[in-house]
Structure formats: structure tokens, C-alpha cells
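Bear in mind that the values in this text are calculations on the coordinates, not laboratory data. Owing to the predicted nature of the structure, the values given are computational and were not obtained by experimental measurement. A quick note on method: Cβ atoms are made from the backbone with ideal geometry, for glycine too, and the neighbour counts reach across all protein chains shown.
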Amino acid sequence: MRTVGSVLVVVVSVLMICGCRPERRAAVAPEPPPPQVSSEQQGLLEEILQYTRDTGSTVEQLAEETRRREALEQAPRGVGAIDDDLRVAKALVAAARSAATSKQGEKTAAALRRLGPTLTALRSEIPAAAIAQHLERALVAISSLLAQEAVNVASGSLLAAIDTAMQAPAPLVPEVVKAVERAKSSVDANQLEKAAGQILEILGKLQDDGTVGSLDRTLAGVQGAEEALSRQAWLVVTAELDQLDAALSQLQEKVGGVTTVTEETEEEIEAEEATELEEAGAAEAVESAEPEESAATQ
């Protein structure tokens, strides 16, 4: 299958070609000829029709699936996703603490079970963690694949690590980009042993990343709260949750410092655009008023 955009174009073509047009109320004119379809569009159309036959889906269902995929592609990413998931995590901590304060074991346990996966997902969104994962893939490729395949896979993984760093907000990116670029140069030069040593050194630096370390401590805090809950040690449970909330608040402040800059910039742009529109409207009003004044004078 092609990209979502291509699929959408073909779905529209299918709807037109298959006769899914509005009902004609009166035959006042001959029906226009069907739209011309290029060979590429025809190939896509055949793929779409084969897909509908294989899956039992209708064209309308495929169009709806396309819309859902587009919505997923527009879902929050980067700092926006981190900020959203931080709010989710803090809400779960608050729910767990409220339940623990009133000694409701089942509700506390349920909130903690939901909190663990949320924090794990949040950790994977942190640039340092994402970069480290790409480096681990490169390291495994170097150690387990044949030479040329190892070069290709490792080089691609290191390039993905660089892209991750370049696309992330600067305050959240660890200072390892140049080191990753040097490791990629070693891989591309087929100096795999040297590259492996460079990658291990970078991974050591990433382990010291404060953001990732903070989230690792929150995950450990969830385990501590669960263990205390199993002993009905309510004071320990609430203490663990308080530490969790404080750690998440610190990370939220750091991420908030990044997002605030972006939001202020967008607000400034919107304000400038509104000012320009007002000025343009005022200028048009002046221009339209001038002929009327001239006519009145004459």
C-alpha cells in the first residue's frame, strides 16, 4: 500500500469511477465522461480493489480508516507528548495518594498498576532514551551481523539517533550529537571495532542524563509503593508517592520551560498576524472612503 495521501486520492477516484455520484434529478444534459486515470493511478486503484476483496472492507470503510490514520499522524509528538504524559502520570499519582490516604488498597493498587506503564512510555519519549535505543541497535548490528550488513544497519541506526537529536528541543538533548556523528563516520569507514568503542562511551554518558535518571527513580518509586502496599504500610506508600510527585513536578518544570517558549512564539505570531489584518482593513476602509469624499465634494 502507498502513503495515506495516495490512498485518499485513489479512494476518491474509486468513488468517482464506481459511480458513487449524487443522484441526478433530471436528465437535462448528458453525463460527463469519467475522469481520466493515469497508469500509476490505475495501478493504485487495482491495489485498493484487491485490498478490499482480501479484507472484505468497503471503499467507505477504507476511507474511514484513512481518516483515522491521518488523525494518528497528527497526534502529539516530542515535547507535546511528554507534557501530556506528564499530566497523566501526575493525575495517577494523585489518584493513588488519595486512595492510600483513605487506606483503599484496591484503588491504590489499580492506580499504581496504571502508573507504571505510563512512566515507561514517558521514559521512551525522552530524547536521551530514544537516542540510546538507536545506539543499542547499532551495537547489536556490529556484534551479530555480517560485515556489510552490519555497516548498513549500524549506520542507519546512528543516523536515526542523529535525527532524533536534531528534531528534539535543545534543552532536552544531551550533548552527544558530535560523538554520534564520529561513530557513524567510523561505521561508514568499516572501522566497526572502533565504532563499537565509541558507541559504548556515548551510552555511558547517556546513562548519566538527569531526565532519564529522574524517570528511572520514579519507576523504582512505583515498585517501592507497591511493596509497601503489600505490607499495608500506608505511611511508606504515601511517602513514596510524594517523592514521585515531586520528581514529576521537577521534570514538568523543565519541559514547561521548553513548551512555554514555543507557545509564546506562536502567540506573538498570531498577534502580529491580527495586527497586520487590522492594518490592512483600516487601509481598505480609508481607500473606499476617499472616492465617496471626492464625489461629495464635487
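Once you order the gyration tensor axes a ≥ b ≥ c over the Cα atoms, which shape class does region 140-208 get: rounded for a/c under 1.5, otherwise prolate or oblate by comparing a/b with b/c? Cα axes put region 140-208 in the prolate bin. Here each label is just a point 7 Å from Cα along the line to Cβ, and for A220 and D208 those points are 1.8 nm apart.
Oblate is the label for region 102-176, because a/c, from the alpha-carbon gyration tensor with a ≥ b ≥ c as root eigenvalues, is 1.5 or above and a/b does not exceed b/c. Once you list every other residue whose beta carbon is under 15 Å from the beta carbon of Q243, what net charge do they have if Lys and Arg are +1 and Asp and Glu are -1? Residues near Q243 contribute -3 overall. You can think of it this way: the chain between R114 and D84 has 9.3 nm of extra reach, that is 0.36 nm per residue less the Cα-Cα gap. Using the Cβ of T120 as centre and a radius below 11 Å, the other residues enclosed give a net charge of -2, where K and R count +1 and D and E count -1. Modelled this way, with points 7 Å down the Cα-to-C-beta line, the labels at V236 and Q50 are 6.2 nm from one another.
How much net charge surrounds A138 when only the other residues with a Cβ under 14 Å from the Cβ of A138 are counted, with Lys and Arg +1 and Asp and Glu -1? That sum, taken over residues with Cβ under 14 Å, equals -3. For region 79-234, what class follows from the C-alpha gyration tensor (a ≥ b ≥ c being the square roots of its eigenvalues): rounded when a/c is under 1.5, otherwise prolate if a/b is larger than b/c, else oblate? Judged from the Cα gyration tensor, region 79-234 comes out prolate (a/c at least 1.5, a/b above b/c).
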